[in-house]
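The values are calculated or read from the model by the stated rules, or taken from the named source; none is laboratory data. The shown structure was predicted, so the numbers you read here are calculated from the model rather than taken from an experiment. Glycine also receives a Cβ, built like all others from the backbone with ideal geometry; neighbour counts cover every protein chain displayed. Ligands, DNA and RNA are excluded from the accessible area calculation, which covers all protein heavy atoms including side chains. Shrake-Rupley method; radii C 1.70, N 1.55, O 1.52, S 1.80 Å.
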Amino acid sequence: MTVHPLLAELALRAAARAHRIGTDCSCDAAVLAVLADRPDATVVRHADTVAKAHAPGTGPAALAPRLAAAAALPDVLLPPLTPVPSDLHGRLVTFWPYGAPVDPADPDAAPWEAAGALLARLHRVPAPVGLPPMRGPAKAAHAVARLPAAGESSAVAAVLSAWRALPAWARAEAPMPDAGTVCHGDLHLGQLVRHPAPGGPWRLIDVDDLGVGVPAWDLARPAAWYACGLLPPAEWNRFLDAYREGSGPAVPACGDPWPALDVPARALTVQTAARLVTKSAAQDRRLDEVEQCLVDACARMGSVLPQSAADSAK
């Protein structure tokens, strides 16, 4: 990996935060790592400290209330080490305690119950004044906006057809119908860590999309994978049952949850398919089995109205 100036200086800041000034660093390679280096985020670890450079264009007015919310909810969200971000090469930087992530090599140990319970707890929190809207629909719209780069194909057409069938709020073209529920905005298993590492309680990370909005959006990615046959029913039920046991408000306490989940699950299916189609085109390769499964789901969705739209047409 090429070490660009942002990455190099971020690593230096993480080291300075992890060690007192004048203290020699004797950390081994296991606690010195680049955790992510993407256009939207660069994240490095030094010992028990993680430094994150947020996406270009992230402003303090949006990030500050999200950091404050994380600091105020340490039993749900991993709290930041500092309440105010700093600037580095025009990017906002925040510091966090290191938490042990989900082990991708052990899917049977995936913390579905913890994810459901944490979301239920988050969704019951009174919304702090000034917390901006949850960014889930905006991220879906961004993924779809990049589709033209993939050229013209049946896959692109299927994804766009499913996108156009969604209500305006799910496409970030209108306000969300719920503006009072605190949502994570980008829930997946990569957003959970154990803190303190390695065996502490699970906590949610990544506040970039945190905000008020439709709580069902936070259940939508596992719901979409379940609907596409990519998440086994047992794992989906572990997640959903834990959410309901925690009195989460996104779905009814019993009975069919799908009327509440249908639109967000469709939107997350479209978002994921759009990203994968764009990626496969950039790599000049055919869609793999999982990617094709998501595109096929979009093709089916394009011919059937979402439940909310169907209900409003009656």
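Please calculate how many Å² of accessible area the chain carries per residue, with a 1.4 Å probe and no DNA, RNA or ligand atoms counted.
Per-residue accessible area for the chain comes out at 47 Å².
What shape does region 207-314 have by the C-alpha gyration tensor, where a ≥ b ≥ c are the square roots of the eigenvalues, rounded means a/c under 1.5, and otherwise prolate means a/b greater than b/c and oblate the rest?
prolate
Sorted by packing (mean other beta-carbon atoms within 10 Å per residue), highest first, where do 230-237, 200-207 land?
200-207, 230-237
Work out, in µm²/s and without decimals, the Stokes-Einstein translational diffusion coefficient of the chain at 10 °C, 1.306 mPa s, Rh from Kirkwood over C-alpha pairs.
The calculation lands on 77 µm²/s.
At what distance in angstrom do the alpha carbon centres of region 225-293 and region 59-108 lie from each other?
One Cα centre to the other: 25 Å.
For residue 33 and residue 108 in the same chain, what is the full-extension length gain: residue separation times 0.36 nm, less their Cα-Cα distance, in nm?
24.4 nm
Subtracting the Cα-Cα distance from 0.36 nm times the residue separation, let me have the gained length for residue 279 to residue 127 in nm, one decimal.
Here the answer is 51.1 nm.
Tell me the label-point distance for the pair residue 300, residue 84, using the 7 Å Cα-to-Cβ offset, in nm and rounded to one decimal.
5.3 nm
Between residue 256 and residue 179, take the C-beta separation as r, use R0 = 25 Å, and let me know the FRET efficiency to the nearest 0.05.
0.50
Could you compute how much accessible surface residue 266 exposes when probed at 1.4 Å, giving the result in Å² to the nearest 10?
Solvent-accessible area, nearest 10 Å²: 30 Å².
Under a point-charge model restricted to the Cβ atoms of Lys and Arg (+1) and Asp and Glu (-1), what is the dipole moment magnitude of the chain relative to its Cα centre, in debye to the nearest 20?
600 debye
Heavy atoms only, probe 1.4 Å: what % of the accessible area of the chain goes to carbon and sulfur, would you let me know?
Values: 8600 of 14770 Å².
Ligands and nucleic acids excluded, carbon and sulfur reach 58 percent.
Kindly write out, for region 206-217 in residue order, the coupling ³J(HN,Hα) from the Karplus curve 6.51 cos²θ - 1.76 cosθ + 1.60 (θ = phi - 60°), rounded to whole Hz, with x marking Gly and Pro.
Residue by residue, region 206-217 yields 6, 9, 4, 10, 4, x, 8, x, 7, x, 4, 4 Hz.
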